[in-house]
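What follows draws every value from the coordinates through simple rules; no lab data is involved. Just so you know, these numbers come straight off a predicted model, no measurement behind them. Ideal geometry is used to build each Cβ from the backbone, glycine not excepted, and the neighbour counts take in all protein chains shown.
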Amino acid sequence: MSTTDSLFDLSGKVILVTGGSRGLGYQMVRAFAEHGADVIIASRKLEACEAVAAQVRQLGRRALAVACHVGRWGEVEQLVNTAYETFDRVDVLVNNAGMSPAVPTHEVTEELFDKVIGLNFKGPFRLSALVARRMAEGEGGSIINISSTGGLRPAPQIIPYAGAKAALNAMSVGLAQEYGPKVRVNTISAGPFLTDIAKAWPAELRDRCDNALGRPGLPEEIVTTALYLASPHSSYTTASLIKVDGGLA
């Protein structure tokens, strides 16, 4: 085993990833499984989750696919119950599911507002609360919240999304204080990444970015930070926000 693999060894760990069937979530699921973890993949489309679960099993790890709309508390509670009934524990929770529609503020409907807040904050809040309590009563664990530069640099036409991500950032700090020392809670503030949603971007936004590296990130570039926060080697890191955005000022 190489030094890197040893540092990020997740053998025997159970990791739950929301929004795990595509984009950054998919990359993290693959990386966790490649480093020894069993993975629970949750998203709204069961078929997509099953496809990723099949890839995890091919790596020799256990996998569970669960259909869940994270913005609905009843479905979140069922997700947690299913996870614990199947694996008896969750060692790492990754709140990755989200949506970021760009809409002029005066055109945002109540329905859209509620959807954005529900998926980006309300759902992660409830899921974290349920899992953190069980982690604290058990052997502990790590919660990783995938936020966005929008939560730090609000931009036009994404104000509900920016507000939800800012709330997610605050939630990480509060949860770390409430459920520590056995539960660590951290945030990854992700910049622009070339996931499937980037296909709708203008060509110039896919090629260049106003960050220090001058480009958007590749989806696999989220992996090392996620592995660090999931592994025991980040044992003294909690209530932290790590920017993975190519150096946005």
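For a quick protection proxy, order the peptides 85-98, 19-32, 155-168 by their average other-Cβ count within 10 Å, most packed first.
19-32, 85-98, 155-168
Can you run phi through the Karplus equation (6.51, -1.76, 1.60; θ = phi - 60°) for the range 81-90 and list ³J(HN,Hα) in whole Hz, with x for Gly and Pro?
4, 5, 4, 6, 5, 7, 10, 6, 6, 10
State the extension gain, in nm to one decimal, for the chain segment bounded by GLU137 and ALA249, taking 0.36 nm per residue of separation less the distance between their alpha-carbons.
Numbers: separation 112, 0.36 × 112 = 40.32 nm, distance 4.00 nm.
Difference between extended and current length: 36.3 nm.
Can you work out the Karplus-derived ³J(HN,Hα) for every residue in the range 45-62? Use 6.51 cos²θ - 1.76 cosθ + 1.60 with θ = phi - 60°, whole Hz, and x for glycine or proline.
9, 4, 4, 5, 5, 4, 4, 6, 4, 4, 5, 5, 5, 5, 7, x, 10, 7
For PHE193, which sequence-distant residues (separation of 5 or more, or a different chain) have an amide H within less than 5 Å of its own amide H, given hydrogens modelled in the peptide plane?
Correct list: GLY217.
Return the long-range amide H neighbours of LEU64 (sequence gap of 5 or more, or a different chain), with a cut-off of under 5 Å between placed amide H atoms.
Those qualifying (amide H under 5 Å, at least 5 residues apart or on another chain) are VAL39, ILE40, ILE41.
Across the chain, how many lysine pairs, 8 or more apart or on two chains, come within less than 27 Å at their alpha-carbon atoms?
Close lysine pairs found across the chain: 19.
Using every pair of alpha-carbon atoms in the range 52-155, split the distances into 5 Å bins beginning at 0 and state the percent of pairs per bin, rounded to integers.
2, 11, 17, 21, 18, 13, 9, 5, 3, 1, 0
List the equivalent ellipsoid semi-axes of the chain in whole Å, largest first, each obtained as the square root of 5λ for an eigenvalue λ of the Cα gyration tensor. Show your work: numbers first, answer last.
Details: eigenvalues 140, 85, 68 Å².
In descending order the semi-axes read 26, 21, 18 Å.
State, to one decimal in nm, how far the label point of LEU59 lies from the label point of PHE113, with both points 7 Å from Cα in the Cβ direction.
Those two pseudo-labels are separated by 4.1 nm.
From the C-alpha coordinates alone, can you work out the Kirkwood hydrodynamic radius of the range 116-249, in Å?
15.6
Please find, in a Gaussian network model of the chain (springs between Cα atoms separated by less than 10 Å), the residue of SER128, SER234, SER189 whose mean-square fluctuation is greatest.
SER234
How large is the charge dipole for the chain, taken about the Cα centre, if only the Cβ atoms of Lys, Arg (+1) and Asp, Glu (-1) carry charge, to the nearest 20 debye?
Values: 24 positive and 25 negative charges, 18 e Å.
The dipole of the chain has a size of about 80 debye.
Would you mind checking which residues have amide H under 5 Å from ILE143's amide H? H placed 1.01 Å from N; only 5 or more apart, or other chain.
The list, which skips near neighbours in sequence, is LEU93, ARG184, VAL185, ASN186.
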